[in-house]
Amino acid sequence: MILGLDSTTERLHLALVEGETAWTRRVVGGVGRSHSEALLPTLNELLTEAGRTPRDLRGVVACVGPGGFTSLRIGVATAEGLALTGLPTWGFSAFELRACALRTAGYIGPVWILLDGQRNEVFAQRWGTGPMGPACRYPLAELPTLLQGQPWWAPEAFAPKASAAADCPALTLVDEGASTLVGLTQLCRELPLKPPESPLVPFYLRETDAEVNFPEASRHLPDALRQGHAR
């Protein structure tokens with residue numbers, strides 16, 4: 001049985017997949033602490049629903065971002081914690097999850113997938129029938145130049161903001177939650193066919209304040225302390 005989890009947004013997505021059978025849950029709440037409070041109890045609920053125990057898990061498929069620092073690290077840390085028990089892990093991006101959701105909903109691409117980069121910025125990646133292109137961060141004001149009238153999609157929480165900046169209409173999913181869980185289920189079936197990844201490397205929306213401020217602050221540290229930090 002494979003565990004799939006995505007904690008990158010205010011919606012927590014979990015799936016337990018065994019063959020053609022899947023048990024899924026979408027928990028809508030705030031980011032951060034609510035995920036830490038909901039993740040393990042929800043996983044226990046799914047295990048009980050499936051009539052299984054943690055001993056039945058064979059691996060973990062986890063979203064590694066982009067996502068907010070607090071919410072994303074909860075999912076990755078949970079996967080890494082389970083990896084310490086010997087479970088193999090596989091990572092996927094938030095773009096891969098949304099592309100899989102679009103594909104299972106009948107879209108074939110090419111489609112720009114847009115995610116909230118905060119601070120009037122957007123993460124964008126083009127998905128089509130072949131490999132996905134590189135993901136980049138752009139100012140929202142540059143969306144018309146980036147999209148050039150091509151189809152695009154954004155999660156429901158970010159779509160209104162993206163739509164106000166874009167110059168072309170968005171694609172929609174009739175039930176975004178259900179489509180995302182179907183996409184997560186599919187990744188739980190596909191990724192374990194590949195070699196496992198360890199450790200999982202999270203991709204945060206942006207650098208932490210400590211990382212941004214360290215170069216300036218480090219000028220005031222003693223040489224020995226600064227060099228020790230660099231190591």
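Among Thr129, Thr185, Thr172, the largest mean-square fluctuation in a Gaussian network model of the chain, built with springs joining Cα atoms closer than 10 Å, belongs to Thr129. Simple rule: put +1 on each Lys or Arg Cβ and -1 on each Asp or Glu Cβ in the chain, find the dipole, and look at Asn44, Pro131, Val182; the Cα lying farthest toward the positive end is Pro131. About its Cα centre, the range 13-135 has a charge dipole of approximately 180 debye under the convention of +1 per Lys or Arg Cβ and -1 per Asp or Glu Cβ, with nothing else charged. The range 9-25 and the range 33-76 have their alpha-carbon centroids 9 Å apart. The base-10 log of I(q)/I(0) for the range 145-190, evaluated at q = 0.18, 0.30 Å⁻¹, reads -0.63, -1.05 [Debye formula, identical scatterers on Cα atoms, solvent excluded]. Hydrophobic long helices, here whole DSSP H runs in the chain with Kyte-Doolittle means of at least -0.5 and Cα atoms spread over 24 Å or more along the helix axis, are found at 33-50. Only Lys, Arg, Asp and Glu carry charge here, each on its Cβ (+1 for the first two, -1 for the last two); on that basis the chain has a dipole of about 280 debye about its Cα centre. With the largest listed first and rounded to whole Å, the semi-axes of the equivalent ellipsoid of the range 1-98 from the Cα gyration tensor are 20, 15, 13. In terms of surrounding Cβ atoms within a 10 Å radius of their Cβ, Leu140, Leu187 rank from fewest to most as Leu140, Leu187. By the count of neighbouring beta-carbon atoms within 10 Å, fewest first, Ser7, Ser71, Ser163 end up ordered Ser163, Ser71, Ser7.
Under the convention that each Lys and Arg Cβ holds +1 and each Asp and Glu Cβ holds -1, the size of the dipole of the range 106-165 around its Cα centre is about 60 debye.
Coordinate range of the alpha-carbon atoms in the chain per principal axis, descending: 58, 50, 32 Å. Only DSSP H runs of four or more residues enter the estimate; each adds -39500 (n - 2.57), and after division by the residues of the chain the mean residue ellipticity at 222 nm equals -11500 deg cm²/dmol. The range 142-182 and the range 83-100 have their alpha-carbon centroids 24 Å apart. The ranking of Leu181, Leu146 from fewest to most other beta carbons within 10 Å of each one's beta carbon is Leu146, Leu181. Computed over the Cα atoms of the range 106-165, the ratio of the radius of gyration to the Kirkwood radius (Rg/Rh) comes to 0.94. Across the chain, Cα pairs under 8 Å and at least six residues apart give a relative contact order of 22 percent.
Bear in mind these aren't lab numbers, they're just calculated from the coordinates by the rules spelled out. All figures in this text were calculated on a predicted structure; none of them were measured in a lab. Neighbour counts run over all protein chains shown; Cβ positions are idealised from the backbone, glycine included.
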